[in-house]
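The values are calculated or read from the model by the stated rules, or taken from the named source; none is laboratory data. Fair warning: this is a prediction, and the values are worked out from it, not measured in the lab. Every residue, glycine among them, receives a Cβ derived from its backbone with ideal geometry; neighbour counts consider all protein chains shown.
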């Protein structure tokens, strides 16, 4: 992608191994301010590991991760935490706290980051619930009382409550029917645009890829093998990408599995 200025997120030579298994093997990726990047790839290709490295949940073996031009891997603890504090995360299975009400879940980040407390945190949580199409009365319920689609909405509300500059979405439509998946994708796009956030999503869902993404990239053998406009992911011209995105049994991926 040709763009001027500094990428919001710039990754170069990122490597991570677990024992003898090399999961990330030199990942290079740029995500520009105010855009949404969707990373696709097969199970076990390192998509979640990539996000966890950026979040600081996993320490990479080598490479750089820059946010706003600063390599966060070389920053002091306070500065690194501040940079990562700009990130909101929608986890694959919601990861809501069972011991908290819905409202407390949504307000959790606000309280933890000391952006609001008490009545103000509750008020802001109610407002964010309404932004994802839920009434404030839902805030009194426990997560276990909600459907899967409602839990995803609550998790999205929690992710955007602190108005983060960067948002991550881990398989946002997993476990949802196609209609609810489209609803969640629509909410994600609306929230990202309204906040002006930069977003990275990982998914196996090609419809979701094209709905969410401005650009898409495919991760394979620990590297980005293709990147381009998300609207072109189904017609990339790359035989590996085409086999994956169209779900074909025959092709270069299947040939490798037979070896």
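Here's a check for you: in region 42-52, which residue that is modelled with pLDDT under 90, touching a strand residue (DSSP E or B) at 6+ places or on another chain (Cβ under 8 Å) and closer than 16 Å to residue 245 by Cβ is surrounded by the most Cβ atoms within 10 Å (Cβ to Cβ)?
Per the stated criteria, the residue is 45.
As an exercise: evaluate residue 149 against (1) surrounded by fewer than 19 Cβ atoms within 10 Å (Cβ to Cβ); (2) part of a loop (DSSP other than H, G, I, E, B); (3) in contact with a helix residue (DSSP H, G or I) (Cβ under 7 Å, 6 or more places away or on another chain) and give the number of the one condition it does not meet.
(2)
Quick one: count up the residues across region 116-132 that are surrounded by fewer than 16 Cβ atoms within 10 Å (Cβ to Cβ) and either at negative phi or outside any helix (DSSP H, G or I) (or both). Outline the logic, then answer.
Initially, region 116-132 is screened for residues surrounded by fewer than 16 Cβ atoms within 10 Å (Cβ to Cβ), giving 117-120, 123, 127, 130.
With either at negative phi or outside any helix (DSSP H, G or I) (or both) added as a condition, the list becomes 117, 119-120, 123, 127, 130.
Total meeting the criteria: 6.
Does residue 7 count as under 30 Å from residue 234 (Cα atoms) and not assigned by TED's automatic domain parsing to the domain that holds residue 144?
Taking the combined requirement at face value, the residue satisfies it.
Just checking, how many residues over region 173-226 are part of a loop (DSSP other than H, G, I, E, B) and farther than 19 Å from residue 29 by Cβ?
Residues in region 173-226 being part of a loop (DSSP other than H, G, I, E, B) and farther than 19 Å from residue 29 by Cβ: 7 in total.
Being within 25 Å of residue 252 (Cα to Cα) and in the same structural domain as residue 67 (by TED's automatic domain parsing) narrows it down to one residue among 194, 223; which is it?
223
Search region 29-57 for residues that are assigned by TED's automatic domain parsing to the domain that holds residue 72 and on the phi > 0 side of the Ramachandran plot and pair each with any residue that is surrounded by fewer than 19 Cβ atoms within 10 Å (Cβ to Cβ) and in a helix (DSSP H, G or I) when their beta-carbon atoms are under 9 Å apart and the residues are at least 6 apart or on different chains.
So the pair list comes out as 34/193; 56/80; 56/81; 56/84.
Considering only residues that are under 17 Å from residue 7 (Cβ atoms) and either within 20 Å of the chain's Cα centre (by Cα) or not assigned by TED's automatic domain parsing to the domain that holds residue 219 (or both), which ones fall in region 58-68? Explain how you work it out, then say what you get.
First, the residues of region 58-68 that are under 17 Å from residue 7 (Cβ atoms): 63-68.
Correct list: 64, 65, 66, 67, 68.
Determine whether residue 165 is under 15 Å from the mean Cα position of the chain (by Cα) and over 18 Å from residue 92 (Cα atoms).
When the stated conditions are applied, residue 165 passes them.
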